[in-house]
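A short write-up of the structure that comes next.
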Amino acid sequence: MDDIPPYPPIDPTTFDLIVIGTGLPESIIAAASSTASKSVLHLDPNPFYGSHFSSLPLADLPSFLSSHSTSPSPPRSPSSDDPNEFSLLEFATRPLYSSIDISTFSPNLLDQHSRKFNLDVAGPRVFFCADKSIELLLRTGTNQYMEFKSVDATFVGDNKGNLWSVPDSRAAIFKDKSLGLVEKNKLMRFFKLVQGHLAGEQDIKISEEDLQSPFVDFLNKMGLPPKIKSFILYAIAMADYDQEDTGVCRDLLKTKDGIDQLALYNASIGRFQNASGAFLYPIYGQGELSQAFCRRAAVKGCLYVLRMPVTALLVDKDTGCYKGVRLASGQDIFSQKLILDPTFKVTLPSGSSPPLPLKEKLPFFSLKDDKGKIARGICITKTSLKPDISNFLVVYPPRSLFPEQVTSIRLLQIASNLAVCLPGMFVLYISALCNDDDQGKKLIHAVMNTLLTVPLDSESNAAVQSETAENGSAVQDETSESSSGGPSDSGEEKPTLLWSALYSQELTLGQVDFICSTPMPDGKLNYNDLIDTTFKIFQEIYPGEEFFPETSLENPEGDGDASPET
Amino acid sequence: MHGRPRKAPKPEDEAASSAKAQKLRALQTQFFTFHHNKIYTKEAVELSAKLLEINPESYTAWNYRKLAVEHYLNLPDCNPDSIKSVLDDELRVVENALRQNFKSYGAWHHRKWVLSKGHSSIDNELRLLDKFQKADSRNFHAWNYRRYVAESMKRSEQDELKYAEDMIYTNFSNYSAWHNRSVLLSALFEKKAGGFLLKEKVLPEEYEFIHQAIFTDPDDQSGWFYHLWLLDQTVTTDSPLLASSWPGHGSDVLLVGDRCYNGSAFSPFSALHSDSGSFPIVLYFNQPVGGVNSSTVTVECGFNKNEDLFWKPLSASNSQTARVWVAHLKVPSSDLHSTVEVSVGHSKGIISTRGFVYSHPSMFSFKVHVQPMERDSSQVSVAENISLREENFKVYGTQSEESIIDSFDQLIIKNGHETTASNWRFEALAKEIECFRELLSLVDCKIGKLTLARLLKAYDAMSYPFANKLVHSEEVLELYSDLMKLDPTHYQFYKDEHSIVLLQKVTSSKESLLQHCFQYKDSASSAICDPICLRLNNLSLSRMGAFEKLLWVQMLDLSHNELQSIEGLEAMQLLSCLSLRNNKLRSLTALEPLRKLKSLRILDISYNQIGDQSIDTTSIGSRNSKMNQKLL
């Protein structure tokens, strides 16, 4: 992004809305606003769609992460000498990723085929077949731009490397080999109770008092044994924090929410005929989703310009109101509303007092991250973690790997049949909520050590151990790595790590104002919360407008004349 | 198709269907013209195909096509290619008809017929079936046809077993798949195929498998059906056995010409009045058998020749199979003391209705003492008027207890050879009992209770020859009482089961049986002997049972019960006096078993409900109870 090619000027110069960044929330807002007949300019400094929600080639991922890991540069020049009637407020980037740690154990193989990889920046993530994102895709016709495959199963892992299948349906309970007869009966009865409750059957209604109590208390009341409780809480309801330790739990699930999660899971299984499990994953990676909404927006007239950094915010000198943005090309573009990628923040020139209205709004710009961080890891292997099955989710419930583990760790294995890696390879996405980088690393490493053989030759062991952002110091060819598997605890051959990227990501929330900031990818497995936030932002900027009205389906256009690439 | 609610037809649907009917009528008329005139031209055959595509249930059209095929196959210029093309056409028509209605009996049958011609590839059939079974995995037509195809292809039972298992794993609420599993396993047991040699190895695994379904969803019935089949496989011995006889082994039979006998050494259990100069020999098997005759059962005695004996089955349906068989042995009318030896099954020929041969020959012997009629007392006998009034009964005294002990043990036949080989059956049942006790501790489940009752009953029956008591009968009775309250719809079924268990309990020990034995003594009677009356009155019985222990009974009081049927009573060949007073018998048809009781002289059927209902529901009632048994 250092050498920006010369840009043709953008015409027109005034829009209803300018959206900066093509992450998922921005893309959905661009599409929704375009659908509501607003004129929208959608910009992205990157040469690709998706921003923090993108799927990137192997070689591009480290540079993307590190470009967002530096502290903001000080304002380049005071802006007060601008000749016209606007004040300029400089944009700066916010550090969003830290402790980036890239390890390569097979440079030959991976470097040559970098473009064969589509690695999700915000993994692991899946669609529940019945969740809001799927509804939104279907309702808006955006599904025509994407293809999905089923994630075939969910497992719960333990510290010995075992993966236990999650009995998530009647047939799965019947088939399960690890549950005892009594456990099967209790679990199925619990499912029936929930189904009956959801179906509104009078005699099996769950009381309001129970609905408001913690879900874990309700499960105890139902007499469910610890193993099943853990399955339900962490592998079906996808709770993040240890629900039985109120000291550390930041997301104590109420029964009502737990039941909603079960309902979502239950509605997801069997919704689509060719999806055997509850989840879907898009071919070519999660980045496709943002791109699909961009295409949807483009069909509705949204104007797209990639590789276009924005340098400053234009503010009315007198009123302090937002007027527009100055592009890297030097062009000024004006709009009534602005949506900002969480990458950016506006810095005030030192010494100068900001215009009054803006000053009042400023607190909203400081995107506080009291939610902590999320540790993410991407691993590439040549063998599946489990034979005979390639796409699946693994959940490590709190304290399943080590006593201090207070959050769930989720792992998603995606195979080459989803076009995210070289044929015969597998991509593992791992994530866990954490308070700081060290804690995060410990969580991700705990999973990697349990499931993978990490090559630790004398010549190439620096990377994983030192937790620095060293890149490419590991030199090892393919032939030696397959033999270096070594004896593992379980006696079985664990997959050998070929490449890994570990990093911590800030969990910034979206901010709503006359300039709105979108949120970073959250710590959830699906997009439900992000879509809720996006909807709120849209309502804030266009209170009178419907969010993708039903009528938008009546005019399903092909992607012939107005693809977002133009 | 399962699980799809029926919708009320809309007006336009009705219009469409009447238009369809119009078209169908026209087609049909034309078709019948062709059919009656035996016209098998291309057009005529095509017309029948059109008809069948609209209405696959048209049997006449299928038959017409069969005639047409025969017609073509008999043409002089017929060659293998033309045969194949004709038959392929048939398969295509069937497939189209099945698409219209894949539960059409006629279509599936026609397909079988075409394949039986032997010119078509059977491999295609499995592919077709896969399609149909994917569309509806519980379609029993498809499963039926699948068995036919698998057999024609000589596909191994193991392969088919795997297929059924896959279907069960997809959705275990599949009666057809479980049923097919039972059919396949039965076939393997019969073949004694490798690995399936022993039920004792396979059945425990099957129990383990079905537990997964039952515990996961006790409300689903398909699993229970399979469990019932397993229980049956566990309990039933293949080969039929002789359960009891009259006279019992080692007993003394006293035949007297009048109502009295002297000689108190004889037990009243085996003293018999006989006018006809003969007495019955009753064989009671543990399951219905056929082939009982003078060559399969030989009777050796000093006074009669075996050949004269005519063995008669005693069953309600007049079939040639029955659990109970009787023959009348003539005795000379002079003083006689003789030993009779009865050998059963030493030459093959007795076969159970399931086709298993009676393979454990047994022999029993008894002594006959004939005391000829005394002329002068015959008048008393004729004038005798028995009245089953309370004051006429006395608790059976202890004076003859010695002889009763002997008699009681003679009531049943112990089959030692069978029980030694059945340890695994005990283990299987004990495990099941434990398992279902656990299930019932988790959920209140009617069918679970019924199954536990069945298991306990089966366990008791199996262990009775060793334990000489029914350990669980109280618990079983409680379970059935409980079920009557929980599930009023099937009240009668539970009541019947309850009655039978109660009777088994009563007859299970000498002590309990004695409590129901009374000495009949009519003050007005001049008879010096006191016959024994078995009083099973006021027990709230709805059915009779435990006949194998009651073959000796001559006087039976069943009054003040709730009997609607006396099915099985025909086994009690010695009955001469029977009270059915105050019961719920609804028709004369219900009394049918009495026709077989040749010794019956006194019958009280007062205070029943005969004629209360204009429609005779007896046979319907008994069919219902059979259906209930199936449904449960």
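Treating r as the C-beta distance of B:Asn468 and A:Val182 and R0 as 35 Å, the FRET efficiency rounds to 0.45.
As a calculated quantity, the FRET efficiency between A:Ala199 and B:Leu67 at R0 = 56 Å, using C-beta atoms, amounts to about 0.55. The calculated P(r) of region A:169-268, using every Cα pair and 5 Å bins from 0, goes 2, 13, 24, 27, 20, 11, 4, 0 in percent. The label point for B:His346 and the one for A:Lys536, both projected 7 Å from the Cα toward the Cβ, are 9.7 nm apart.
Considering region B:477-610, its Cα convex hull presents a mean projected area of 8.8 nm². The distance separating the Cα centre of region B:1-78 from that of region A:146-181 comes to 50 Å. Placing a pseudo-label 7 Å from each Cα along the Cα-to-Cβ vector at A:Asn417 and B:Ser334 gives an inter-label distance of 9.6 nm. Cα centroids of region B:141-196 and region A:193-213: how far apart, whole angstrom? Result: 41 Å between the Cα centres. Give me the Kirkwood hydrodynamic radius of region B:99-191, using the inverse of the mean 1/r over all pairs of distinct Cα atoms, in Å to one decimal. Result for region B:99-191 stands at 13.7 Å.
Note on region B:25-184: percent of Cα-Cα distances in each 5 Å bin, starting at 0 and stopping at the bin with the largest distance, equals 2, 8, 18, 18, 17, 13, 10, 7, 5, 2, 0. Computed over region A:286-330, the P(r) tail beyond 12 angstrom holds 71 percent of alpha carbon pairs.
The simple Förster model, with R0 at 56 Å and r as the Cβ-Cβ distance, assigns B:Lys162 and A:Ser114 a FRET efficiency of 0.80.
Taking 0.36 nm per residue of separation and subtracting the Cα-Cα distance, full extension of the segment from B:Arg147 to B:Asp13 would add 44.5 nm. Panel order for B:Ile433, A:Ile259, B:Ile122, A:Ile18, by other beta carbons found within 10 Å of each beta carbon, from fewest to most: B:Ile122, B:Ile433, A:Ile259, A:Ile18. Put in line by how crowded their Cβ is, counting other Cβ atoms within 10 Å and starting with the fewest, B:Met544, B:Met167 read B:Met167, B:Met544. For region B:562-589, the residues whose amide N sits under 19 Å from a probe point set 7 Å from the Cα of B:Thr353 along the beta carbon direction are B:565-572.
For the segment B:172-179, counting C-beta atoms of other chains within 10 Å of every residue's C-beta and taking the mean gives 1. Where the alpha-carbon atoms of region B:537-587 are placed on the principal axes, they occupy 25, 21, 16 Å, in descending order. Summing +1 for each Lys or Arg and -1 for each Asp or Glu among the other residues whose beta-carbon sits under 14 angstrom from that of B:Lys66 gives +2. The stretch between B:Asp88 and B:Ser295, if pulled fully straight at 0.36 nm per residue, gains 69.1 nm over its current Cα-Cα span. As a rough footprinting exposure proxy, the listed residues B:Cys533, B:Cys435 were ranked by other beta carbons within 10 Å of their own, and the order from fewest upward is B:Cys435, B:Cys533. Please say if region B:425-507 is rounded, prolate or oblate, where rounded means a/c under 1.5 for a ≥ b ≥ c the square roots of the C-alpha gyration tensor eigenvalues, and otherwise the choice is prolate for a/b larger than b/c and oblate otherwise? It is oblate, given that a/c is not under 1.5 and a/b is not larger than b/c. Relative to the current alpha-carbon distance between A:Asp318 and A:Gln331, full extension at 0.36 nm per residue lengthens the span by 2.5 nm.
Spin-label model, B:Ser512 to A:Thr246: label points 7 Å out along the Cα-to-beta-carbon direction sit 5.7 nm apart.
Laboratory data are not the source of any read-out in this text; all were calculated from the coordinates shown. Predicted model only: the values in this text are computed from it and were never measured. Backbone-built Cβ (ideal geometry, glycine too); neighbour counts: all protein chains shown.
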